[in-house]
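Below is one structure, written out as structure tokens; comments come after it.
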Amino acid sequence: MPEPPPIQQLSADEIAEIEHEAAAYPTRQPLGLEALRIVQQYRGWVSDGALQALAHYLKVPVAELDSLATYYQLIFRQPVGREVMLLCNSASCWVMGCSRVQKHIRQQLNIGPGETTADGIFTLLETPCLGDCDKAPVMMVGTEMHRQLDSEKIDALIRALRERHHSED
Amino acid sequence: MRIDTSLRTPLTKNIRAGTSGAVPLDDYRKNGGYRGLQKALTMPPRDISKLVQDAGLRGRGGAGFNTGLKWSFVPSQEDYSGQRYLVCNADEMEPGAFKDRYLLERDPHLLLEGMAIAARAIGATRAYIFLRGEYPLAAERLRSAIAEAESASLLGPGVFGGKFSLQVHLHRSAGNYICGEETALLNALEGKRAIPRAKPPFPQVSGLWGCPTVVNNVETLCNLPHLLMLGAEWYRSLGRGKNAGSKLFGVSGRVKTPGLWELPMGTPIREIVEQCGGGMQPGYQLRGLLPGGGSTDFLGPQHLDLAMDYDVIGKAGSRMGTGTILVLDDKTCPVGLVLNLQRFFARESCGWCTPCRDGLPWVVDILERIEQGHGKKQDLDLLQELAHRMGPGKTFCALAPGAAEPLESSLNLFLADYVAHIEQGSCPYAQNTAPLMETI
């Protein structure tokens, strides 16, 4: 039997943010998703240990909370890179060539959807329509939209993000 | 200040060309903002519903149900004195739809004022904006607009110093198309997995936490401030045909100038695609179009002169849906586009009922085979049968019937393309179309 993961502690900031959201709802059940989102904001993803800590804090079964965590595409139950690239793969972006964009990312970073680069900087994910169809193909990285993508724009973006993280290290 | 009744673009009038920020509260109020709410507060709630019903405002989320009529199913104050909720559906995720994002990011106060009017009409004192997780800029701007409105007593306790109160909360979701289905959305807000509920009971009777609840789309709510100020007759006069009001229409795909415009309801498709969108890019011909998002039936070049309104497009066998048109050109594989759409629907299915959970992956499987040149003639009958089995009335919600619309219509409009794939044993568009997308 593998060892169960250690339960992590929630930080005071995380708890304060969760409780801030509590005021918006008449019951505590809606806090599940809010809490997952808040923890992910601080930690990048929701580990088993963090999930257990949240379940314990919210007094709900771990499995119940995990059923929510695994339901939502933007809650990450696996580690992701420091830059998550959400590449729109919906109809307008497909017509305008998002598969070529995806292929170019594969060539430059050697990752496909759901994969992270070995240096831990980039994760590529496919995402449904980002609602920017007149500027297709588009991708969201962090909170930034990148529009009318082509190979040059992708190369420039990758270069800029890589430099930012290398200078931070 | 009087608002000019010659106004034709109430949804976008505050948004200045060449800017990219949200309309500030001061500018919004200088342009007559929150006057519609002020007017609504002088009216008995029932009269507000009646006005909106008479104006002929229909739900801009895609279904096109009369908004005032939808509100009228909420029990009256005499019959029910408990909590009621208003929910703004800002979970825009329909493939090819990009209209609500624009309103949310550019004029958040128009939405907040619309919400306050709707809340007043149905007697709600609590409202939620259910915003998709992928719209962080909209989240930031809504949050500051709510704070601005509260500090100016336009929202919160004692609106305009009177008895009416409204708490507006921003709920940020985290993905999943099914959350846009109104009963799945209610489950998601309650903190449950977003699985649709059986209807009846309808949300107006038993919605959030069992209380009467109205769910309205962003664009629908944004119609209310000017409708209240300028009246039903003015509102009806905005439309060109039988349908009332103005509408955000968009075009994406290989046109010269893709974009989004506020136009009269009933504007012909040709005008939107050729005048606003500039027509097809050089070297491309129009093969077909999805009139209102990924879950509407394909129309062909023969339909270009149809008016974009709920009834005309409905009669032609499709739906106006969101009003954001996706154009299919002659260099793009129609089977590939249908496969792209079906992959989306298969992935977004919540798995609750069988036709959707089992039918959609099966459809994807068959379409992949055809696209890769391994299809058989019998596959086309099977696709027809599956489209039929996922159709209206056979599922809990509209996701699978929506997926069946582009599938079934493509089998009629682009049958020759399906047959060519099968007979040729490969995709005839292979040299133009990029390879199949990788997927998890």
Contact order relative to length for chain B, counting C-alpha pairs under 8 Å separated by 6 or more residues, stands in percent at 16 percent
Share of Cα-Cα pairs in chain B beyond 32 Å, whole percent, is 38 percent
Expected max-MSF residue from A:Thr116, A:Thr70, A:Thr127 in the GNM of chain A (alpha carbon, under 10 Å) is A:Thr70
Quick numbers on region B:334-439, Rg and Dmax over C-alpha atoms in Å, give 13.2, 41
Spelling it out for B:Val255: with amide H atoms placed in the peptide plane at 1.01 Å from N, the residues 5 or more places away or on another chain with amide H under 5 Å from its amide H are B:Gln281
So, relative contact order of region B:334-439 in percent, Cα under 8 Å, 6 or more apart, is 32 percent
With Cα coordinates, the longest principal axis of chain B makes an angle with the long axis of helix B:377-389, in degrees rounded to 10, of 20 degrees
Note to self: C-alpha centroids of region A:22-36 and region B:187-212 sit apart, in Å, by 16 Å
Here region B:285-295 yields Karplus 3J(HN,Hα) values (6.51, -1.76, 1.60; θ = phi - 60°; whole Hz; Gly and Pro given as x) of 10, 7, 9, x, 7, 9, x, x, x, x, 9
Expressed as a percent, the portion of alpha-carbon pairs in chain A spaced more than 23 Å apart is 49 percent
In whole Å, largest first, the alpha carbons of region B:10-237 cover along the principal axes 45, 40, 35
The rounded separation in angstrom of the Cα centers of region B:325-364 and region B:276-299 is 18 Å
If one builds a Gaussian network model of chain B from Cα atoms under 10 Å apart, the most fluctuating residue listed among B:Gln204, B:Gln83, B:Gln424 is B:Gln424
Rounded to one decimal in nm, the spacing of the 7 Å Cα→Cβ label points at B:Ser206 and A:Val62 is 3.5 nm
Dividing the mean separation of Cα pairs under 8 Å (6+ apart) by the residue count of region B:10-237 yields a relative contact order in percent of 30 percent
The base-10 log of I(q)/I(0) that the Debye equation returns for the protein assembly as shown at q = 0.08, 0.10 Å⁻¹, one scatterer per C-alpha, is -0.56, -0.90
Taking placed amide H atoms and a strict 5 Å upper bound, the residues 5 or more places from B:Asn217 or on another chain that come that close are B:Arg60, B:Gly61, B:Asn89
Candidates B:Arg357, B:Arg193, B:Arg120; GNM for chain B (alpha-carbon contacts under 10 Å) flags as most fluctuating B:Arg193
What helix-only [θ] at 222 nm does chain B give? Using -39500 (n - 2.57) per DSSP H run of at least 4, over all residues, to the nearest 500, the answer is -11500 deg cm²/dmol
Under the Karplus relation with 6.51, -1.76 and 1.60 and θ = phi - 60°, whole-Hz ³J(HN,Hα) for region A:97-111, x at Gly and Pro, equal x, 5, 5, 5, 4, 4, 5, 5, 5, 4, 5, 7, 10, 6, 10
About its Cα centre, chain B carries a charge dipole, from +1 on Lys and Arg Cβ atoms and -1 on Asp and Glu Cβ atoms, whose size in debye to the nearest 20 is 1080 debye
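Each reported figure results from applying straightforward, stated rules to the coordinates on display, with no laboratory input. Source: prediction; values computed, not measured. Positions of Cβ are backbone-derived with ideal geometry, glycine not excepted, and every protein chain shown enters the neighbour counts.
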